[in-house]
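Visitor: First the structure, then my questions, so here it is.
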Amino acid sequence: MISGVLAMQGAFHKHKLVMESLGCKTLEVRTIDELLSVDCLIIPGGESTVMVKLLSENNMMDPLKSRILDGMPVFGTCAGMILMSREISRMNQDSLGVMDIMVERNAYGRQLESFETEFEVSGIPGEPFHGIFIRAPKIVSTGRMVQVLAELDSVPVLVRQGNMLASSFHPELSGDSRIHQFFASMVK
């Protein structure tokens with residue numbers, strides 16, 4: 001298995017390190033050829049509007065969307081989740097529109113309101129997961145095919161829809177690789 005991490009902008013390096021620690025060969029993805037050579041992809045946190053701009057400038061929006069719709073496993077964290085969403089609340093911003101969720105950017109507050117907390121994750125045994133929320137988006141609504149795997153104050157923070165996984169938080173910063181392991185297990 002070759003895992004990919006979208007490496008155009010954002011916090012991609014930590015994801016790469018976590019996947020490599022799990023024994024996955026991991027490629028930083030910046031071109032269409034690199035996108036076509038990976039079995040799965042992580043879209044990291046960062047700035048979603050900049051990611052859309054860079055993907056568009058590099059003619060990668062449609063190929064990325066096609067790979068996801070064709071079944072390539074993808075994991076979006078924070079800005080990556082925004083990029084995957086079908087709709088961004090109160091914003092006129094492009095997205096891939098592949099996951100049936102509506103999100104609100106920076107819904108938990110600005111940088112100063114960033115926080116860490118513990119929560120249970122369905123399907124991942126062991127102690128509660130330590131979530132790190134940095135200018136995190138909030139999932140406002142989910143479609144009927146979206147499975148909620150974790151909630152914080154009754155709001156979904158980790159969701160799955162078929163080959164797609166998305167989180168409001170940054171699991172790559174937690175020192176706990178269980179969610180990345182879960183994602184790796186989604187790759188056939």
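The values are calculated or read from the model by the stated rules, or taken from the named source; none is laboratory data. The structure presented is a predicted model; accordingly, all values stated were derived computationally and were not measured. For neighbour counting, all protein chains shown are included, and Cβ atoms are generated from backbone atoms with ideal geometry for every residue, glycine included.
Visitor: Does the stretch 89-97 include one or more residues that are modelled with pLDDT under 95, acidic (Asp, Glu) and under 15 Å from the mean Cα position of the chain (by Cα)?
Guide: Checked against the condition, which is being modelled with pLDDT under 95, acidic (Asp, Glu) and under 15 Å from the mean Cα position of the chain (by Cα), the stretch 89-97 yields no hits at all.
Visitor: So, one more: Of all helices (runs of 4 or more DSSP H) completely enclosed by the stretch 16-82, which ones contain at least 2 residues that are under 19 Å from Arg105 (Cα atoms)?
Guide: Helices (runs of 4 or more DSSP H) meeting the threshold: 48-57.
Visitor: All but one of (1) at pLDDT below 95; (2) closer than 24 Å to Glu47 by Cβ; (3) out of contact with any helix residue (DSSP H, G or I) (no Cβ under 7 Å at 6 or more places or on another chain) hold for Met84; which doesn't?
Guide: (1) is the only condition that Met84 fails.
Visitor: Taking the stretch 31-59 as the search range and keeping residues that are under 12 Å from Leu96 (Cα atoms) and touching a strand residue (DSSP E or B) at 6+ places or on another chain (Cβ under 9 Å), which one is surrounded by the most Cβ atoms within 10 Å (Cβ to Cβ)?
Guide: The residue in question is Ile43.
Visitor: If you don't mind, another one. Quick check on my filter: what residues within the stretch 153-172 are at pLDDT below 95 and among the aliphatic types (A, V, I, L, M)?
Guide: Of everything in the stretch 153-172, nothing turns out to be at pLDDT below 95 and among the aliphatic types (A, V, I, L, M).
Visitor: Give me the residue from the stretch 106-127 that is assigned to a loop (DSSP other than H, G, I, E, B) and in contact with a Ser or Thr (Cβ under 9 Å, 6 or more places away or on another chain) and, out of that set, surrounded by the most Cβ atoms within 10 Å (Cβ to Cβ).
Guide: Among those that are assigned to a loop (DSSP other than H, G, I, E, B) and in contact with a Ser or Thr (Cβ under 9 Å, 6 or more places away or on another chain), it is Tyr108.
Visitor: Got a sec? Which of Arg160, Arg135, Arg86 is in a loop (DSSP other than H, G, I, E, B) and of a type in the set (Lys, Arg)?
Guide: Checking each option against the conditions leaves just Arg135.
Visitor: Residue check, Met145 against (1) over 25 Å from Leu64 (Cβ atoms); (2) modelled with pLDDT of 95 or more; (3) not in a strand (DSSP E or B), all met but one. Which one?
Guide: Failing condition for Met145: (1).
Visitor: Please give the number of the condition Phe115 fails out of (1) more than 18 Å from the chain's Cα centre (by Cα); (2) modelled with pLDDT of 95 or more; (3) closer than 22 Å to Pro156 by Cα.
Guide: (2)
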